[in-house]
Amino acid sequence: MNIAILSRNKSLYSTRRLVEACKQRGHEGIVYDTLKCYLDVNSLKPGIKFRGERIENVDAVIPRIGASITAYGMAVVRQFEMMGVMPMNESVAIGRSRDKLRSLQLLARKGVGLPVTAFAHDVSDTQDLINMVGGAPLVVKLLEGTQGKGVVLAETTKAAESVIDAFRALHANFLVQEFIREAGGSDIRCFVLGDKVVAAMKRTAKAGEFRSNLHRGGQAEVIRITPEERSTAVRAAGIMGLNMAGVDILRSNHGPVIMEVNSSPGLEGIEKATGKDIAGMVVEFLEKNIGQRSTRTRGQG
């Protein structure tokens, strides 16, 4: 197979590993800078050009799209879909997962466990918003934040009011969520491929920090997840319509709750923590499903 890998930087660990996995399994993995792809949008023969050359004979595409270029990246993936190329994750599914509010609404509609959440842009009664999620401590998140950026833990009501007022002054959309204290600054990253969790790791925040993101100094270790956590992760990825997803779960007193469903999960942390060849599993998934042109998102909201 010829597999296109959409990535801004071919030297990134995840990108390099995918190229290596393609080669090891007898395929060609070609990296295309997403922003340097330009689209020939027409009804007869839609196409994509890269550095003046038309991209031809591609069997599958693996999108590695950063949050800052979601809109353009989705357009490129849609164009591959128009060309009959199988995407690892469809454009619609990527869009769902990147919209924090939409993803939470979709999960809530299907009864998946979530932290109690409120959404606002401008609110006249800040205290009422705080009460909706059970009071302080609580977490305030910018809707567009990634990798723990734009996420603030407000430990007191006064602190919560100050943070909310600051976000309002920025004219920003934001989420207010209950703080799952019992999680102890840890979460679980489940790597989902199709209808299976193929690897899982526990991420623990560094001292004095509540965000467990590895980019923020968190530590990772292999973990055995429960059947309920496994089922929750698979359901969450399926509701988004993602074939490949990093599903972040917190262990709460009322069962597993979903924090986020990531459509471009990194490979470095989970491969090193578990010792598994996740990149090889991704390519193997494409091998097994390349002939199935069915969509996981058709007919869903």
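The values are calculated or read from the model by the stated rules, or taken from the named source; none is laboratory data. The structure presented is a predicted model; accordingly, all values stated were derived computationally and were not measured. Note that each Cβ is placed from the backbone with ideal geometry, even for glycine, and that neighbours are counted across all protein chains shown.
The sole residue among Glu28, Glu20, Glu56, Glu81 that is more than 23 Å from Ser263 (Cα to Cα), touching a strand residue (DSSP E or B) at 6+ places or on another chain (Cβ under 9 Å), surrounded by fewer than 19 Cβ atoms within 10 Å (Cβ to Cβ) and not aromatic (Phe, Trp, Tyr) is Glu56.
Each residue in the stretch 86-123 was checked for being more than 26 Å from Asn289 (Cα to Cα) and among the polar types (S, T, N, Q), and 2 of them qualify. Only residues that are of a type outside the set (Asp, Glu) and under 15 Å from Ala200 (Cβ atoms) were counted in the stretch 236-256, giving 10.
Would it be correct to say that Leu44 is assigned to a loop (DSSP other than H, G, I, E, B) and either at pLDDT below 95 or surrounded by 16 or more Cβ atoms within 10 Å (Cβ to Cβ) (or both)?
yes
Under 6 Å between Cβ atoms, which residue pairs at least 6 apart in sequence (or on different chains) link something in the stretch 279-291 that is modelled with pLDDT of 95 or more with a partner that is assigned to a helix (DSSP H, G or I)? Filtered contacts from the stretch 279-291: Ala279/Arg17; Ala279/Leu18; Ala279/Ala21; Gly280/Ala21; Val283/Ala21; Val283/Cys22. Which number in (1) outside any helix (DSSP H, G or I); (2) touching a helix residue (DSSP H, G or I) at 6+ places or on another chain (Cβ under 8 Å) marks the one condition that Tyr72 misses? Tallying (1) outside any helix (DSSP H, G or I); (2) touching a helix residue (DSSP H, G or I) at 6+ places or on another chain (Cβ under 8 Å), Tyr72 fails exactly one: (1).
Screening Met259 with (1) of a type in the set (A, V, I, L, M); (2) at pLDDT 95 or above; (3) under 19 Å from Met201 (Cβ atoms) gives one miss only, at (2). Any residue that is surrounded by fewer than 21 Cβ atoms within 10 Å (Cβ to Cβ) and under 18 Å from Ser264 (Cα atoms) - is there at least one of those in the stretch 170-182? For the stretch 170-182, residues surrounded by fewer than 21 Cβ atoms within 10 Å (Cβ to Cβ) and under 18 Å from Ser264 (Cα atoms): absent.
For first residues located in the stretch 63-92 and in contact (Cβ under 8 Å) with a residue 24 or more places away in the chain, partners that are assigned to a helix (DSSP H, G or I) and of a type in the set (Gly, Ala, Ser) and lie 6+ apart or on another chain with Cβ distances below 7 Å form the pairs Pro63/Gly73; Arg64/Ser14; Ile65/Gly73; Val77/Ser91.
Name the residues in the stretch 225-241 that are touching a strand residue (DSSP E or B) at 6+ places or on another chain (Cβ under 7 Å) and among the small types (Gly, Ala, Ser), would you?
Answer for the stretch 225-241, where residues must be touching a strand residue (DSSP E or B) at 6+ places or on another chain (Cβ under 7 Å) and among the small types (Gly, Ala, Ser): Ala233, Ala236, Ala237.
Can you spot a residue in the stretch 110-118 that is in contact (Cβ under 8 Å) with a residue 12 or more places away in the chain and surrounded by fewer than 16 Cβ atoms within 10 Å (Cβ to Cβ)? Yes, the stretch 110-118 contains a residue that is in contact (Cβ under 8 Å) with a residue 12 or more places away in the chain and surrounded by fewer than 16 Cβ atoms within 10 Å (Cβ to Cβ).
Beta carbons closer than 6 Å, at least 6 apart along the sequence or on distinct chains, pair a first residue in the stretch 127-143 that is in the same structural domain as Ile164 (by TED's automatic domain parsing) and within 9 Å of Leu175 (Cβ to Cβ) with a second that is of a type in the set (Val, Ile, Thr) and in a strand (DSSP E or B) for Val140/Val152; Val140/Val176; Lys141/Val151. If you filter the stretch 119-146 down to residues that are part of a loop (DSSP other than H, G, I, E, B) and β-branched (Val, Ile, Thr), you find that the one that is modelled with the lowest pLDDT is Thr146.
Can you tell me which residue in the stretch 75-118 is farthest from the chain's Cα centre (by Cα), limited to those that are charged (D, E, K, R) and part of a loop (DSSP other than H, G, I, E, B)?
Lys110
Suppose the filter is buried (at least 21 other Cβ atoms within 10 Å of the Cβ) and either in the same structural domain as Ser7 (by TED's automatic domain parsing) or of a type in the set (Asp, Glu) (or both); does Met88 pass it? Yes; evaluated as a whole, the condition is true for this residue.
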